[in-house]
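Reviewing the structure listed below.
The values are calculated or read from the model by the stated rules, or taken from the named source; none is laboratory data. Only a predicted model underlies this, so the values are computations on that prediction, with no experimental measurement involved. Here the Cβ positions follow ideal geometry from the backbone for every residue, glycine too, while neighbour counts run over all protein chains shown. Ligands, DNA and RNA are excluded from the accessible area calculation, which covers all protein heavy atoms including side chains. Shrake-Rupley method; radii C 1.70, N 1.55, O 1.52, S 1.80 Å.
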Amino acid sequence: MYDVGSDMVIEEVETPRPGDLDVVVKVHACNVVPNLGNVLKNWTTWFPHLPLPNLPATFGLDAAGTIAAVGKDVANLEIGQRVYVNPGRSCGTCSACRAQDPISCDSYVFQGYFGFTPRAQEIYDRYPWGGLCEYMNAPASAIVTLPDNVTCQQASRLGYTGTGYSALRKGGAGPNVTTLITGASGTLGLGTLLCALGLGVTKILAVARNKELLEEVRQLAPQRILTHSLLDGPIAPWAIEMTDGLGVDLAINCLGPGAEPLQMVDELRALRRGGKLVNTGAIGAPVPVDVHTLMDNNQQLIGSAWFTTPEGQEMAEMISAGTLDMGIFRQESYSLDRINDVLAGIENRHGGFSNFTIIPNPE
């Protein structure tokens, strides 16, 4: 992409070479997340203090493929291995990185997407390729190795799925933790729900607007999933009724920037005493939070961004064991020259069940 908001064009560039601790991945599938078009058109207006990579740039957030080359100091990764590339990049040396908290790095960026801090460009200079290309380089520490029972198209969905997984882990999700998921039929919410099932959550309260999509969600595990449409009223009274008057232990907000801020207030009211609300959907307007009530009820409101590579490897192990099922996604794959068409038509997706991917290297 040469200019903000312009169509992307295909050009031939030099194939990247790995640094000493890098790998080069031959991309077999790159996920096209629903928000990519909005970011490419509006990021510099929405967040002028936070950088896109210097243009022209290659974008693409979630890539999966095979290792094509390894740096001379890389151990335990081999050419030909099937992998997912975690696009989260950190500097490795700031106080957060040295405390093993890379997502809190003061230079944190998404390779092929956008930066979270003004210092992001220095990392883009090291890793300039996103996943919408034939070959990309990445640090070996960002590589998630894939089991045989997942395709590269399915694995390219690990990004948003991992965002939900990390949020669930921060909230302590498990068999005795009744969990509410809002936006449960969307791209982020559905992946979060699948991870909740994989983590053994025995009672999931799934909330969305579209009743037909919600019924498809419920059918994934009808003995464990209860559903509620926002068209039928607010969340809190229903959630409290479904939990014998107590409220939920954990709520995961998966609603995007255009969501109504008061809906998050409704989710807070659905919490039991000691409950947690983890926000990973990025509502784009101020939310009026009664912090006194949070204190009195010993509740927590937590922000959660993306996931770490170790968490990505945990999901790969869950896929291998069959506890995380990536096979429910409906694959819609396109060649690299169709990227602008995909961005224009992605709003017509079948909720979170659709999985749009670009295939730069068709086999």
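First check a/c for the range 178-262, with a ≥ b ≥ c the square roots of the eigenvalues of its C-alpha gyration tensor; if it is under 1.5, answer rounded, and if not, answer prolate when a/b is larger than b/c or oblate otherwise.
Cα axes put the range 178-262 in the rounded bin.
Using 0.36 nm per residue, how much length does the chain from Arg330 to Gln81 gain when fully extended, once their Cα-Cα distance is taken away?
87.2 nm
Any chance you could check the Cα centroid distance between the range 251-265 and the range 116-158 for me, in angstrom?
Spelled out, the Cα-based centre of one part sits 28 Å from the other.
Of the DSSP beta bridges with both residues in the chain, give the percent that are antiparallel, rounding to the nearest 5.
Taking every DSSP beta bridge with both residues in the chain, the antiparallel ones total about 45 percent.
Could you please put Met315, Met242 in sequence from largest to smallest accessible area, using a 1.4 Å probe?
Ranking Met315, Met242 by accessible area, largest first, yields Met242, Met315.
Choose one of Gly92, Pro18, Val32: the residue whose Cα lies farthest towards the positive end of the charge dipole of the chain (beta-carbon charges +1 Lys, Arg; -1 Asp, Glu; about the Cα centre).
Selected residue: Gly92.
Quick check: pseudo-label points 7 Å beyond the Cα along Cα→Cβ at Thr93 and Ala285, how many nm apart are they?
4.5 nm
Below 8 Å between Cα atoms, with a sequence gap of 6+, how large is the relative contact order for the range 178-229 in percent?
38 percent
With springs connecting C-alpha atoms under 10 Å apart, model the chain as a Gaussian network and identify which of Ile181, Ile123, Ile143 has the largest mean-square fluctuation.
Looking only at Ile181, Ile123, Ile143, the biggest GNM fluctuation is shown by Ile123.
How much of the accessible area of the range 32-87, probe 1.4 Å, is carbon plus sulfur, in whole percent?
51 percent
How high is the relative contact order of the chain, in percent, counting Cα pairs under 8 Å that sit 6 or more residues apart?
RCO, the chain: 19 percent.
I want the local charge near Ile181. Using Cβ-Cβ distances under 15 Å, sum +1 for each Lys or Arg and -1 for each Asp or Glu among the other residues.
My count for the surroundings of Ile181 gives +3.
Of the listed peptides 203-212, 73-82, what is their order by residue-averaged count of other C-beta atoms within 10 Å, with the highest listed first?
203-212, 73-82
Only loop residues by DSSP count here, and only those with at most 11 other Cβ atoms within 10 Å; note down the chymotrypsin sites (Phe, Trp or Tyr not before Pro) in the range 1-102 that meet that.
Tyr2
With runs of 4+ DSSP H residues as the only contributors, calculate the mean residue ellipticity of the chain at 222 nm using -39,500 (n - 2.57) per run, divided by the residue total and rounded to the nearest 500.
Counting only the DSSP helices, I get -7500 deg cm²/dmol.
Which distance in Å, rounded to a whole number, links the C-alpha centroids of the range 46-65 and the range 304-341?
One Cα centre to the other: 20 Å.
So with the 1.4 Å probe, I'd like the accessible area per residue for the range 139-213, rounded to whole Å².
Ligands and nucleic acids excluded, the result is 28 Å² per residue.
Membrane-span-like helices in the chain: DSSP H runs reaching 15 Å or more (Cα, own axis), mean Kyte hydropathy at least 0.0?
Helices meeting the span and hydropathy rule in the chain are 187-198.
Given a 1.4 angstrom probe, what's the average accessible area per residue across the range 251-362, in square angstrom?
46 Å²
Using Cα springs under 10 Å in a Gaussian network model of the chain, which residue among Glu267, Glu332, Glu241 shows the largest mean-square fluctuation?
Glu241
Given a 1.4 Å probe, how much area per residue of the range 1-43 is accessible, in Å²?
For the range 1-43, the per-residue accessible area is 52 Å².
Shape of the range 48-142 from its Cα gyration tensor (a ≥ b ≥ c, root eigenvalues): rounded if a/c is under 1.5, otherwise prolate when a/b > b/c, or oblate?
oblate
What aspartates and glutamates sit close enough to Lys72 to cross-link, taking a C-alpha to C-alpha distance under 19 Å and skipping anything fewer than 8 places away on the same chain?
Straight-distance partners of Lys72: Asp20, Asp22.
For the chain, modelled as a GNM with alpha-carbon contacts under 10 angstrom, which of Gly312, Gly71, Gly183 fluctuates the most?
Of the options given, Gly71 has the highest mean-square fluctuation.
In this model, which of Lys211/Lys276; Lys41/Lys276; Lys26/Lys276 are farther than 29 Å apart at the alpha-carbon?
Where the Cα-Cα span goes over 29 Å, the pairs concerned are Lys41/Lys276; Lys26/Lys276.
In the range 279-358, carbon and sulfur make up what percent of the accessible area (probe 1.4 Å)?
Result for the range 279-358: 50 percent of the exposed heavy-atom area is carbon or sulfur.
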